[in-house]
1. Under 8 Å by Cβ, and 6 or more places apart or on different chains, what pairs join a residue from the range 71-91 that is assigned to a helix (DSSP H, G or I) with one that is at pLDDT 80 or above and loosely packed, with under 12 Cβ neighbours inside 10 Å?
2. Going by the conditions given, is residue 299 assigned to a helix (DSSP H, G or I), touching a strand residue (DSSP E or B) at 6+ places or on another chain (Cβ under 7 Å) and either assigned by TED's automatic domain parsing to the domain that holds residue 217 or free of Cβ contacts under 8 Å to residues at least 60 places away in the same chain (or both)?
3. If residue 330 satisfies all but one of (1) surrounded by fewer than 21 Cβ atoms within 10 Å (Cβ to Cβ); (2) modelled with pLDDT under 95; (3) more than 30 Å from residue 36 (Cα to Cα), what's the number of the condition it fails?
4. Given the criteria in contact (Cβ under 8 Å) with a residue 12 or more places away in the chain, in contact with a helix residue (DSSP H, G or I) (Cβ under 6 Å, 6 or more places away or on another chain) and either more than 28 Å from residue 96 (Cβ to Cβ) or buried (at least 16 other Cβ atoms within 10 Å of the Cβ) (or both), does residue 235 qualify?
5. Would you confirm, using the coordinates I've provided, whether residue 337 is over 19 Å from residue 125 (Cβ atoms), modelled with pLDDT under 95 and either in a loop (DSSP other than H, G, I, E, B) or in contact with a helix residue (DSSP H, G or I) (Cβ under 9 Å, 6 or more places away or on another chain) (or both)?
6. Is it the case that some residue within the range 116-129 is under 21 Å from residue 200 (Cα atoms) and either over 25 Å from the mean Cα position of the chain (by Cα) or touching a residue at least 40 places away in the same chain (Cβ under 8 Å) (or both)?
7. Taking only the range 307-346 into account, find how many residues are touching a residue at least 40 places away in the same chain (Cβ under 8 Å) and under 20 Å from residue 218 (Cβ atoms).
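The values are calculated or read from the model by the stated rules, or taken from the named source; none is laboratory data. Values in this document were obtained by computation on a predicted structure and should not be read as measured data. Methodologically, a virtual Cβ is constructed for each residue, glycine included, from the backbone with ideal geometry; neighbour enumeration extends over all protein chains shown.
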């Protein structure tokens, strides 16, 4: 009797293992369960058609093996399981350039490098770019266009206390950062700038709602609202013109972080959501006399402007002003057909604006303005 039970157990285990091996294949072909897609930029390999040349070179086998590896059932769940294992057992993120900090704060490497001056480009490079910026600021002013730099806050600078020590040990020993050096150069040369990086740090101890999420890399929705309100007032001062009032209706405090406050967490592709703290989510509208002239404002900016742009700020408040994303693609045109900055007359386009804002978080100051300064400078020099 005992031997029979052992035999049955062996058969049951064997059948169970076979079924487990077959389940991914069955899922691949029959899709009996909906799988969560992976987040982030993922390039899927393509199937390579058979040819004898590809077969003999080994290219057919190699490329299609990679293709098949992306098609088996429950692949995304297996990846999430593996990512979960690395996070909880080794305190590591299986996501490109993501750093797990103290108390499980998440960063991207470039924000830590910027906070500690690891990416410092040197005083000479900053001086040269600042000279060109001063030149185009003065030229644009003669055409009636105000040019301003907007320093957006960075998570590495704002949440400096949670950066791992192994990163802090690499910080610039002279305490030089691109942000600090650009500010000094701008002060010396009289270059216009708005410093939200310093402002956010000033508010840190007193803000009623977090200005950065634990698992997010951009300013929080609440922080973004404060920035938008302040920016509207600043543009009104610059142009001595009436601007819309950003009217706060209410703020809801939510335990579950929304997408923008959890963007690194989403990109980590884990099985379970990470523990975070409650965030504030403003609901607002703008009060605006539509008979008044709108100021045309274009932003040459990194991803920190996406939130305001998606709220309709450029469309509704800035005279259909444009968003030059990393000085590459022009929005909103690129929603329909990609429109690249390299294809336009940059001088004529710039001079159509009342205000141009060069917005950059500190993580992107090593490539500040993304070529806009040099391109417009050359356009004026070649006149």
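1. 84/272
2. It is false that residue 299 is assigned to a helix (DSSP H, G or I), touching a strand residue (DSSP E or B) at 6+ places or on another chain (Cβ under 7 Å) and either assigned by TED's automatic domain parsing to the domain that holds residue 217 or free of Cβ contacts under 8 Å to residues at least 60 places away in the same chain (or both).
3. (2)
4. no
5. So residue 337 passes the test.
6. Within the range 116-129, one or more residues are under 21 Å from residue 200 (Cα atoms) and either over 25 Å from the mean Cα position of the chain (by Cα) or touching a residue at least 40 places away in the same chain (Cβ under 8 Å) (or both).
7. Total satisfying the criteria: 8.
Residues are listed down the side, and each one gets a yes or a no for (1) within 25 Å of the chain's Cα centre (by Cα); (2) buried (at least 18 other Cβ atoms within 10 Å of the Cβ); (3) assigned to a helix (DSSP H, G or I):
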position: 283; (1), (2), (3): yes, no, no
position: 293; (1), (2), (3): no, no, no
position: 353; (1), (2), (3): no, yes, no
position: 364; (1), (2), (3): yes, yes, yes
position: 370; (1), (2), (3): yes, yes, yes
position: 376; (1), (2), (3): no, yes, yes
